[in-house]
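Trainee: Next up is a structure, given as structure tokens.
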Amino acid sequence: MTADTSDVVEIRGALARLRRGTGLPVAFGGLVDAGHRRIRISELSGNDTSALRSLAVTSGNGLGGKAVALARPCAVSDYSSSRQISHEYDAAVAEEGLRSVLAVPVVVRRRVRGVLYGALRSAQPLGDRALSEAVAAARDVEQALVVRDEAGELRELVEAGARAPQARSAGGWEQGFVGGWEQVREAHAALRALAPRIADPALRAELLGVCGLLAPGAGAPAVTLAPRELDVLACVADGATNAVIGERLGLRAETVKSYLRSAMRKLGAHTRGEAVAAARRGGLLP
């Protein structure tokens, strides 16, 4: 599977954060080729040569390969003399003049998807702070990849539902699609809750765009709800209590109630159930 361009951009952004947070002069990384268990170094920051560019690091080999195989961070204080790693890539590392190196895997759903490296050109311990910042940068990439994966899966689910036979039986939709539609509703609520926590505006917009695909209205809805009102109502539709909604959205219970009352007023509803039903009729919820 070829790496998505947006995934490469996430790696690039994480390397910039890693250098800012650690002060390390060199950072590089790349994504794992699916099915090959090797990393292709595609992004470099602070490098003096092109020795590392496009280097293919096999799982288990070198520092990055060890991080892939173990699915955990690894570090050495002097790469060329370390007995903790194998040395297939010493020539490229030496040409760039690197000595102390750390490697942090990007792990999504228990599968390593990429590796971030940070390095010094002197042999000295990198310290806990550098490793913590590198791990935090990797976690940012992981979150972004998880969201993109889920958004893609949900888009496929919606498109599959749109292609499903639209014939009705005496009992309503065909049973298989009913179950699928309940999954869509649950996913819509989860994505609405997740979106406000995404710092990357482009990724947040992409996520909300998928939410829009999950709840396609027939033309412009008669009622417009504020984003937070819709977030709360999506959680209500998923069966969540006010306390659970507050935890999902990072809101106080009274604030949840306020958004819900406002949404109910706009929808002309007297109960939570009526509000959800009205929002679905208006194409605001799936």
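Trainee: Once you have the Cα-Cα distance between Arg252 and Glu182, take 0.36 nm times their residue separation minus that, and quote the gain in nm to one decimal. Kindly include the intermediate steps, with their values, before the conclusion.
Mentor: On the way: separation 70, 0.36 × 70 = 25.20 nm, distance 2.75 nm.
Full extension of this stretch gives 22.5 nm more.
Trainee: Provide the FRET efficiency to the nearest 0.05 for the Val223-Arg20 pair, computing r from the beta carbons and using R0 = 51 Å. Don't jump to the answer; show the numbers that get you there.
Mentor: Details: r = 44 Å, r/R0 = 0.87.
That gives a FRET efficiency of 0.70.
Trainee: To continue, here is another question. Rounded, prolate or oblate: which one fits segment 5-138, using the alpha carbon gyration tensor with axes a ≥ b ≥ c (rounded when a/c is under 1.5, else prolate when a/b beats b/c, else oblate)?
Mentor: Because its axes are fairly even, with a/c under 1.5, segment 5-138 counts as rounded.
Trainee: Return the distance in nm (one decimal) between the two label points of a simple spin-label model at Arg261 and Ser86, each offset 7 Å from Cα along Cα→Cβ.
Mentor: 6.7
Trainee: Still on this structure: Say R0 is 45 Å: what FRET efficiency, to the nearest 0.05, do Asp78 and Glu156 get from their beta-carbon distance?
Mentor: Working: r = 48 Å, r/R0 = 1.06.
E between Asp78 and Glu156, to the nearest 0.05, is 0.40.
Trainee: Let's test the formula: R0 of 41 Å, r as the Cβ-Cβ distance of Ala71 and Arg121. What FRET efficiency results, to the nearest 0.05? Working shown, then result.
Mentor: On the way: r = 28 Å, r/R0 = 0.68.
So, using R0 = 41 Å, E works out to roughly 0.90.
Trainee: Hey, another quick one. Taking H placed 1.01 Å from N in the peptide plane, check which residues at least 5 places from Val106 or on another chain put their amide H under 5 Å from its amide H.
Mentor: The answer is Arg113, Gly114, Val115, Leu116.
Trainee: Another question, if that's okay. Can you list residues from other chains, or at least 5 along the same chain, whose modelled amide H is less than 5 Å from the amide H of Val26?
Mentor: Ala119
Taken together, the values in this text are just the output of simple stated rules run on the coordinates, not laboratory data. What you are looking at is a predicted structure, and each value in this text was computed from that prediction instead of being measured. Cβ sites come from the backbone with ideal geometry, for glycine too, and all protein chains shown count toward neighbours.
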